[in-house]
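Enquirer: A single structure is presented below for examination.
The values are calculated or read from the model by the stated rules, or taken from the named source; none is laboratory data. Everything numeric in this text was worked out from a predicted model, so none of it was measured. Don't worry about glycine lacking a Cβ; one is built from the backbone with ideal geometry, like all the others, and counts go over all protein chains shown.
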Amino acid sequence: MVNKVWLIRKVNDYPEAEVLENEDVIILIQDAVLKIPYFGNVLVCKEDAEARNIKVEEDKVVSYEDIIDIIEKAETVIVW
C-alpha cells in the first residue's frame, strides 16, 4: 500500500529525502520530468515525458490512468 503520493510538477522541487517514508511514491508530472532524481520510489508520467521527448526507463513510467489508480489507493496525496 502507498502511504503518501508526492505529485511533483516543477524541476528540482522534490521533498527532502528525510521526510520520505519507505511506502511513499514520488510521481513526476509536467516539467518535473525534465530532471529525474535517483532517490526514493520515483515514477515518471509517460505522457509528459513523451511530450518533452524525454527517455525514461520502462519500469519508472506510468500513464495518467496509472497515476489515478495510485492516488486512489494512497492514504495521502501531496501536490508539490
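Enquirer: Here is a list: Tyr64, Tyr14. Which entry is modelled with pLDDT under 95 and touching a helix residue (DSSP H, G or I) at 6+ places or on another chain (Cβ under 9 Å)? Steps first, answer last, please.
Expert: Details: Tyr64 fails: modelled with pLDDT under 95.
Tyr14 is the lone residue from the list that is modelled with pLDDT under 95 and touching a helix residue (DSSP H, G or I) at 6+ places or on another chain (Cβ under 9 Å).
Enquirer: Here's something else I'd like to know. What single numbered condition from (1) within 20 Å of Met1 (Cα to Cα); (2) out of contact with any Leu (no Cβ under 8 Å at 6 or more places or on another chain); (3) not small (Gly, Ala, Ser) fails to hold for Ile78?
Expert: (2)
Enquirer: Among the residues of the range 46-54, are any under 12 Å from the mean Cα position of the chain (by Cα), within 18 Å of Lys10 (Cα to Cα) and exposed (fewer than 15 other Cβ atoms within 10 Å of the Cβ)? Can you show your working first?
Expert: So in the range 46-54, the residues under 12 Å from the mean Cα position of the chain (by Cα) come out as 46, 48-49.
Remaining after also requiring within 18 Å of Lys10 (Cα to Cα): 46, 48-49.
Pick out the ones that are also exposed (fewer than 15 other Cβ atoms within 10 Å of the Cβ) and you get none.
Scanning the range 46-54, I find no residue that is under 12 Å from the mean Cα position of the chain (by Cα), within 18 Å of Lys10 (Cα to Cα) and exposed (fewer than 15 other Cβ atoms within 10 Å of the Cβ), so the answer is no.
Enquirer: Taking the range 1-29 only, how many residues are closer than 23 Å to Asp69 by Cα and out of contact with any strand residue (DSSP E or B) (no Cβ under 8 Å at 6 or more places or on another chain)? Give the derivation first.
Expert: Here is the first cut: in the range 1-29, the ones closer than 23 Å to Asp69 by Cα are 1-10, 14-15, 20-29.
Applying the additional criterion that residues be out of contact with any strand residue (DSSP E or B) (no Cβ under 8 Å at 6 or more places or on another chain) yields 1, 10, 22.
So the answer is 3.
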